[in-house]
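Structure, as structure tokens:
The values are calculated or read from the model by the stated rules, or taken from the named source; none is laboratory data. All figures in this text were calculated on a predicted structure; none of them were measured in a lab. Note: ideal-geometry Cβ built from the backbone for every residue, glycine included; neighbour counts use all protein chains shown.
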Amino acid sequence: MKLYYSDASPYARKVRIVAMEKNIPLELIVTAASDDPPALHKANAIGKVPTLELDDGTALGESGHICTYLESIVKKPKVLSNKPVILRRDALAIGMMDALIRYVLEIRRPEDKQHQPWIDRQHRAISRALDVFEKEKFAKAFTIDQITLITALGYLDLRMPNFGWRKTHRRLARWAEKLADRPSVKETIPQT
Ligand SMILES: N[C@@H](CCC(=O)N[C@@H](CS)C(=O)NCC(=O)O)C(=O)O
């Protein structure tokens, strides 16, 4: 199976972590979605990473759907759950990723075209999500909510290195620190 991905994409990192946790080998195809590569568009008309191309040519978009597929082919360790607490946290961490992406796209626009209230709105959403996560108690199992959250925090570090969340959210920082040496987390840290 081929995964079209980019090193920085938090959505793609989520999929890579799930695949590594389940020992599912993926052929990784580095893809800059913004360059409109024909191979990506052929696989996924919407042109986003991650896109997973199965051996029969079927291509799946949306990180959540890709994780559902990976869980269906390799059941253990189980990372997905229908438990409301896990779904709630996963949705919150996805929302944090989405707010970060909106923030990044906006600050990349020419300065005179940027809309500061929109930037501030994303900033506030990220802060509120961090406040909620600061109070959460996580179980030992490395489930999808934790995978999405560690990925969102990694993207926060990459794109907003001066956010300073480790000082204001110390419990969350300790939780993230404990996961830092886990191979699937360590080997997928975004560099660019
Ligand atoms: N909801 C999607 C989001 C994927 C996404 O937005 N990927 C970005 C990279 S982080 C992308 O490919 N952007 C290119 C574009 O929007 O054209 C998912 O969970 O997979």
For residue 161, indicate whether it is on the phi < 0 side of the Ramachandran plot and not in a helix (DSSP H, G or I). yes
With the structure loaded, tell me whether residue 168 is exposed (fewer than 14 other Cβ atoms within 10 Å of the Cβ) and hydroxyl-bearing (Ser, Thr, Tyr) or whether it fails that test. yes
Scanning segment 171-192 residue by residue, those in a loop (DSSP other than H, G, I, E, B), modelled with pLDDT of 95 or more and either surrounded by 10 or more Cβ atoms within 10 Å (Cβ to Cβ) or touching a helix residue (DSSP H, G or I) at 6+ places or on another chain (Cβ under 6 Å) (or both) turn out to be 180, 182, 187, 188, 189
Just wondering, is there one or more residues in segment 12-20 that are within 15 Å of the chain's Cα centre (by Cα), away from the ligand (no atom under 15 Å from the Cβ) and at pLDDT 95 or above? yes
When you go through 8, 43 one by one, which is the residue that is touching a residue at least 60 places away in the same chain (Cβ under 8 Å) and either touching a strand residue (DSSP E or B) at 6+ places or on another chain (Cβ under 9 Å) or surrounded by fewer than 22 Cβ atoms within 10 Å (Cβ to Cβ) (or both)? 8
Could you identify the single residue in 158, 130, 149, 179 that is touching a Leu at 6+ places or on another chain (Cβ under 7 Å) and in contact (Cβ under 8 Å) with a residue 24 or more places away in the chain? 130
Exactly one condition in (1) in the same structural domain as residue 173 (by TED's automatic domain parsing); (2) closer than 19 Å to residue 10 by Cβ is false for residue 115; which is it? (2)
If I ask for residues that are within 12 Å of the ligand (Cβ to nearest atom) and more than 12 Å from residue 133 (Cβ to Cβ), which ones from segment 92-107 would you list? 94, 97, 98, 100, 101, 102, 104, 105
Counting only residues in segment 46-82 that are among the β-branched types (Val, Ile, Thr), away from the ligand (no atom under 15 Å from the Cβ) and within 15 Å of residue 16 (Cβ to Cβ), the one surrounded by the fewest Cβ atoms within 10 Å (Cβ to Cβ) is identified as 74
